[in-house]
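Chemist: My structure is below; once you've seen it, I'll send some questions.
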Number of protein chains: 2
Amino acid sequence: MSPTSLAVIGLGAIGGSVAWQARRAGIKTVVGFSPETADLNAAFEAGALTATAPNPEAAAGGAEFTVIAAPPAATLELLDRLAPLIPAGAVITDVASVKVPVVARALKAGLAGRFAGGHPLAGTHASGWGAARADRFRDCVVYVTPTGQLPGDAAAQAVVRFWSEVMQARPVLMTAEAHDRQLAWTSHLPQAVAYALASTLAARGLEPDAFGPGARGTTRLAASQPDLWVEIFLQNRDAVLAALDAAVGDLAALRDAVARGDEAGLRTLFTTAQRFRESLDA
Amino acid sequence: MSPTSLAVIGLGAIGGSVAWQARRAGIKTVVGFSPETADLNAAFEAGALTATAPNPEAAAGGAEFTVIAAPPAATLELLDRLAPLIPAGAVITDVASVKVPVVARALKAGLAGRFAGGHPLAGTHASGWGAARADRFRDCVVYVTPTGQLPGDAAAQAVVRFWSEVMQARPVLMTAEAHDRQLAWTSHLPQAVAYALASTLAARGLEPDAFGPGARGTTRLAASQPDLWVEIFLQNRDAVLAALDAAVGDLAALRDAVARGDEAGLRTLFTTAQRFRESLDA
């Protein structure tokens, strides 16, 4: 059963897409709130919302299902604020990229049984309502992290159904701890590498014309919002550090192989990398 | 004046695109050779060639303009083999990503006045005729490196005209030394970073489904041909090492900022990176 009323707090690339697809999927009432008034109005005008709310409480109050689509620190604060407004039988979830602090805060706010975390693997460097797409989550993996043991309670099952049936995505249940360890490698590390490479290149002062499609693709993530990523890296610090240590080591090893003219060593490294990358498109 | 006869040695993503666009632009005779018989036949069947040749000499002999579209080491060898077949007034060029060794070999082969180097900034991780596109070079920057001083001799001017008038690209004259120093940063470093990141991720053994669009884009270059890149890195070793040293240092600095929880330092680094990346799309 899909919810008949949905609240979406935050109407950027993720929240805007959630609201829009919910309307397309026939959810009767979709109430939105965004601190960005332009995003809120644009989402309403596009038909992604049936009503706008003046604050998060007004949006979530009375909704069967609430999605917090905000950066990690704001998500924690919103869980505290909205917890008293979520009645038994209603469900609240989020979309933050780090799940251990979110699940811990939900438990502390007394939301056990009414909350499960969510994280759609549909990131984009773009932000704001302008990056919302009704089909953003189609066939996209979405991690769902229960507050307790796997496979989770009725709230987790409701979040799974929402992503599967309403958003047309592919939910995957995982503990918050396993999620954060895995995402440190699959998402946070590529983000860090893109930031570091872009800062290295920025220091050279070359003209934009000097960069071809390869450099542009490799650094594209660096266009993402700095504040969001400072939060993510610090909330998942230990796991991100482990991934960064491995990456610094591997880049230094490549550097040393170039320095000593180690053709065979470079070929082995590049072939391993090529096989991995080709496996992602297989 | 465009040449009326063209020879293209190598019919992969770059050579195949050169031949195809040359025919579309109305060059009367386009003779091709490829050591990959399947590529050669497919290029002919697609109408990118007016004739196939059984070897490089048969393709270049009699052509007004010859393009060597081969990996760096093969390019050096082909310059030696083809030099005796290029009459005064004819021109030979190449597309290799490293230009100092190529220009030096052309001079040694006695090709001064008949050769200038070329390098279209239209790289793709894909290879072979299947990656050829007649419009691959449209509006694309192409570096042209004369054998002597800038702006170069008649051969360099002919290579500039070829890329501009026939390929619809944007040629930029540059010395081979300046080219190789610059490309170490703009192209070879992103390639190295993509290889290193992909090898780090490969070692985790995660399922392809675990990687979202960000990780895929950041590692896309790692799908490139290992042999080609071993050659490029070793032929441009000193400049590549300088770039790699800077990148290892910047990634380690990011790691250290995460380790000490330095919010302000991370925000500054990410903002610099974001501004740089946004400037590429401005």
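Bear in mind these aren't lab numbers, they're just calculated from the coordinates by the rules spelled out. Nothing here was measured: the structure is a model prediction, and the numbers come from that model. For neighbour counting, all protein chains shown are included, and Cβ atoms are generated from backbone atoms with ideal geometry for every residue, glycine included.
Chemist: Applying a 10 Å radius around every beta-carbon, put B:31-38, A:30-37 in order of their mean neighbour count, most first. Don't skip to the answer; put the middle values down first.
Modeler: Details: B:31-38: 18.9, A:30-37: 20.5.
Taking the mean over residues of other Cβ atoms within 10 Å, the ranking is A:30-37, B:31-38.
Chemist: Averaged across the residues of B:138-145, what count of C-beta atoms belonging to other chains lies within 10 Å of each residue's C-beta?
Modeler: Working: counts 0, 0, 2, 5, 0, 1, 0, 0.
Across B:138-145, the average partner-chain Cβ count within 10 Å equals 1.
Chemist: Report, in deg cm²/dmol and to the nearest 500, the calculated mean residue ellipticity at 222 nm for chain B, where each DSSP H run with n ≥ 4 adds -39500 (n - 2.57) and the sum is divided by the residue count. Spell out each step's value before the answer.
Modeler: Values: 12 runs with 133 residues, N = 282.
Calculated at 222 nm, the ellipticity per residue is -14500 deg cm²/dmol.
Chemist: A further question follows. Based on the Cβ-Cβ distance from B:Arg24 to A:Glu77, what FRET efficiency comes out when R0 is 56 Å, to the nearest 0.05? Walk me through the numbers before you get to the answer.
Modeler: Working: r = 59 Å, r/R0 = 1.06.
Working from the Cβ atoms, E equals 0.40.
Chemist: Hey, another quick one. Roughly speaking, what is the centre-to-centre gap between the range A:73-97 and the range A:100-149 when only Cα atoms are used, to the nearest Å?
Modeler: Between the Cα centre of the range A:73-97 and that of the range A:100-149, the gap is 11 Å.
Chemist: Nm distances between the label at A:Gly47 and the same-position labels in the remaining copies, 7 Å along Cα→Cβ, shortest first?
Modeler: For A:Gly47, the inter-copy label distances come out at 4.2 nm.
Chemist: Please compute the modelled spin-label separation between A:Ala242 and B:Arg204, points set 7 Å along Cα→Cβ, answer in nm with one decimal.
Modeler: Here the modelled spin labels are 1.0 nm apart.
Chemist: Looking only at the range A:1-21, which residues have a backbone nitrogen under 17 Å from a spot 7 Å from the Cα of A:Asn41 in the C-beta direction?
Modeler: Label zone hits: A:11-12.
Chemist: Along Cα-to-Cβ, 7 Å out, sits the label point; list in nm, shortest first, how far the one on A:Pro208 is from those in the other copies.
Modeler: The answer, with the shortest distance listed first, is 3.4 nm.
Chemist: Moving on to the next point. Remind me, relative contact order of chain A in percent, using alpha carbon pairs under 8 angstrom and six or more residues apart?
Modeler: Details: 479 pairs, mean separation 45.5, N = 282.
Result for chain A is 16 percent.
Chemist: Now a separate question. Report the rotationally averaged projected area of the protein assembly as shown based on its alpha-carbon convex hull, in square nanometres.
Modeler: Values: hull surface 105.3 nm².
Quarter of the Cα hull surface area: 26.3 nm².
Chemist: Applying the Karplus parametrisation 6.51 cos²θ - 1.76 cosθ + 1.60 with θ = phi - 60° to the phi angles of the range B:97-106, what ³J(HN,Hα) value in whole Hz is obtained for each residue in order, glycine and proline being reported as x?
Modeler: Once θ is set to phi - 60°, the couplings for the range B:97-106 become 7, 10, 10, 4, x, 6, 5, 4, 5, 5 Hz.
Chemist: A further question on this structure: Grab the beta carbon distance between A:Thr4 and A:Arg133, set R0 = 22 Å, and tell me the FRET efficiency rounded to 0.05. It would help to have the intermediate numbers written out before the result.
Modeler: Values: r = 24 Å, r/R0 = 1.08.
So the FRET efficiency works out to roughly 0.40.
Chemist: I need the per residue convex hull volume for the range A:1-107, using only the alpha carbons, in cubic angstrom as a whole number.
Modeler: On the way: hull volume 9.9 nm³, N = 107.
Value for the range A:1-107: 93 Å³ per residue.
Chemist: May I pose another question? On average, how much area does the Cα convex hull of chain A cover when viewed from any direction, in nm²?
Modeler: Its Cα hull, projected and averaged over all orientations, spans 16.4 nm².
Chemist: If you don't mind, another one. Grab the protein assembly as shown and count how many Lys pairs have their alpha-carbon atoms under 30 Å apart, sequence gap of 8 or more, or different chains. Could you put the intermediate results ahead of the total?
Modeler: Values: A:Lys28/A:Lys99; A:Lys99/A:Lys108; B:Lys28/B:Lys99; B:Lys99/B:Lys108.
So the count works out to 4.
Chemist: Cα convex hull of the range A:168-282: mean projected area in nm², to one decimal? Working shown, then result.
Modeler: Numbers: hull surface 40.3 nm².
Result: a mean projected hull area of 10.1 nm².
Chemist: Counting DSSP beta bridges in chain B, what percent are antiparallel, to the nearest 5? Before the final figure, lay out each step's value.
Modeler: Numbers: 5 of 25 bridges.
Of all bridge pairs located within chain B, approximately 20 percent are antiparallel.
Chemist: Moving to a separate point now. What does the charge add up to near A:Leu82, with Lys and Arg as +1, Asp and Glu as -1, over the other residues with Cβ less than 11 Å from its Cβ?
Modeler: Its environment carries a net charge of -2.
Chemist: Copy-to-copy spacing for A:Ala264, label 7 Å out on the Cα-to-C-beta vector, in nm, shortest first?
Modeler: 5.2
Chemist: Work out the mean other chain Cβ neighbour count within 10 Å for the residues of A:229-238 and drop it here as an integer. Kindly include the intermediate steps, with their values, before the conclusion.
Modeler: Working: counts 5, 11, 2, 0, 7, 6, 0, 1, 4, 2.
Average per residue, whole number: 4.
Chemist: While we're looking at this one, here's another question. Nearest 5 percent is fine: what portion of the DSSP beta bridges confined to the protein assembly as shown is antiparallel?
Modeler: Values: 10 of 50 bridges.
Here the share of antiparallel DSSP bridges comes out near 20 percent.
Chemist: Give me the inter-chain shielding for B:181-187: mean count of other chain Cβ atoms within 10 Å, whole number please. Could you put the intermediate results ahead of the total?
Modeler: Numbers: counts 0, 3, 2, 1, 8, 10, 6.
Neighbouring Cβ atoms belonging to other protein chains average 4 per residue here.
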